[in-house]
Amino acid sequence: MTAATGVKMNYSSIKYAVADDIARLTLSRPERLNSFNAAMHEETRDALARVVIDGARVLVLSGAGRGFCAGQDLGDRAVAPGARGADLGESIERNYKPLVLALRNLPMPVIAAVNGVAAGAGCSIALACDIVIAARSAAFVQAFCRLGLVPDGGATWFLPRLVGNARAIGLTMLGDKLPAQQAADWGLIWRCVDDAEFVQAVEKLAAELAVAPTTGLVRTRQAIQAAWQHSLTEQLDMERDFQRELGWSSDFAEGVAAFSEKRPPRFSGR
Ligand code: T3D
């Protein structure tokens with residue numbers, strides 16, 4: 001991993017830049033509340049493939065303007081009378097499934113900085129990130145039921161795990177807006193902060209994670225995700241194996257040295 005400074009890409013539907021080891025990917029179709037069209041999918045895929053090469057140690061995913069992301073661009077989904085609509089299964093296989101898995105498996109912490117409404121797959125994409133921080137004016141909407149669709153982008157997997165079945169069913173069958181503060185109170189997201197403090201809070205979080213022991217954090221994510229499928233014995237085995245690996249890492253040596261020298265650690269992420 002090399003320190004990342006000054007990478008910037010010219011995309012049309014997203015903004016992507018890396019500076020000081022922090023990658024920032026901003027969905028940028030504000031007039032459509034940053035809903036996904038084919039170009040945005042393609043550019044996001046491209047940017048996510050670059051993040052590691054560009055040497056980032058944390059990714060911040062956000063939206064331009066007043067929304068975070070309104071899911072699929074419904075302008076691309078109009079069905080003429082008598083015609084057969086798009087194959088949504090194909091769209092999920094090609095676009096949303098790889099996107100959610102890419103966010104989930106990036107070898108660095110991923111922050112969803114939810115600046116405004118996150119609806120449909122836009123909500124799922126936020127929930128796929130490691131830490132979701134939202135502005136107080138933001139809201140989370142399971143919009144699918146208003147279209148006769150099933151929640152996708154992993155929503156039916158994330159929601160019951162995060163908020164339990166009763167709330168998952170209520171949110172998805174009714175499609176009401178869940179305000180950011182309530183989302184935090186329910187444990188759907190990490191934090192809700194006042195709008196005036198949002199940008200600063202995101203920057204502080206990103207800066208903190210950019211100097212954190214990256215590999216240790218990634219193994220932590222993997223262990224916590226695996227816990228849903230594991231027995232206690234299997235989980236203890238996984239923790240043992242990760243701890244063995246991390247015990248031989250530069251970051252562990254640095255952490256111990258910094259502790260004994262009573263100074264802040266300088267982690268390399270390895
Ligand atoms: O299709 C597949 O590939 C399968 C996968 C599907 C995944 C999905 O995400 S399905 C769910 C799609 N998303 C939605 O159903 C959400 C639709 N949007 C809304 O319900 C509302 O816009 C919000 C609750 C998100 C926000 O409401 P509000 O009142 O703050 O904003 P607004 O006025 O409704 O929207 C502002 C503009 O953005 C508006 O355009 P206009 O009238 O000013 O020209 C609106 O049409 C546009 N917009 C919002 N969401 C979408 C959108 N345009 C296209 N697609 C959208 N999803």
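List of remarks:
- Qualifying chymotrypsin sites (Phe, Trp or Tyr not before Pro) in region 210-270, where qualification requires a DSSP coil assignment and no more than 11 other C-beta atoms within 10 Å, comprise Trp228, Trp248.
- Pairwise Lys count, the chain - Cα closer than 28 Å, eight or more residues apart or different chains: 8
- Computed from the alpha carbon atoms alone, the convex hull of region 1-88 holds 96 Å³ per residue.
- Under-5 Å amide H pairs with Ile22, H placed in peptide plane, nonlocal only: Arg57
- For region 117-270, average projected area of the Cα convex hull in nm²: 10.9 nm²
- Here Ala226 and Leu74 are evaluated by their C-beta separation; at R0 = 25 Å the FRET efficiency comes out at 0.10.
- Put simply, the amide H of Ala134, placed in the peptide plane, has neighbours under 5 Å in Val114, Arg191, Cys192, Val193, leaving out anything fewer than 5 places away on its chain.
- In plain terms, the bigger the Kirkwood radius, the slower the diffusion; for region 217-270, with that radius from Cα pairs, at 10 °C and 1.306 mPa s, Stokes-Einstein puts D at 129 µm²/s.
- Annotation: amide H of Gln72 within the under-5 Å range of Phe36, Ala121, Gly122, sequence separation 5 or more or interchain, hydrogens built in the peptide plane.
- Cleavage-rule hits, trypsin sites (Lys or Arg not before Pro), region 79-117, DSSP coil, Cβ neighbours within 10 Å at most 10: Arg84
- DSSP-defined beta bridges in the chain - what % are antiparallel, rounded to 5: 35 percent
- Three-way shape label, region 60-119, alpha-carbon gyration tensor, a/c 1.5: oblate
- Rg and Dmax of the chain, Cα atoms only, in Å: 19.3, 74
- Kirkwood hydrodynamic radius of region 27-171, Cα pairs, Å: 15.6 Å
- For region 171-270, the relative contact order works out to 26 percent when only alpha carbon pairs closer than 8 Å and six or more residues apart are counted.
- Dipole of the chain, positive end: most advanced residue of Val202, Ala38, Ser137 [Cβ charges, Cα centre]: Ser137
Laboratory data are not the source of any read-out in this text; all were calculated from the coordinates shown. Everything numeric in this text was worked out from a predicted model, so none of it was measured. Methodologically, a virtual Cβ is constructed for each residue, glycine included, from the backbone with ideal geometry; neighbour enumeration extends over all protein chains shown.
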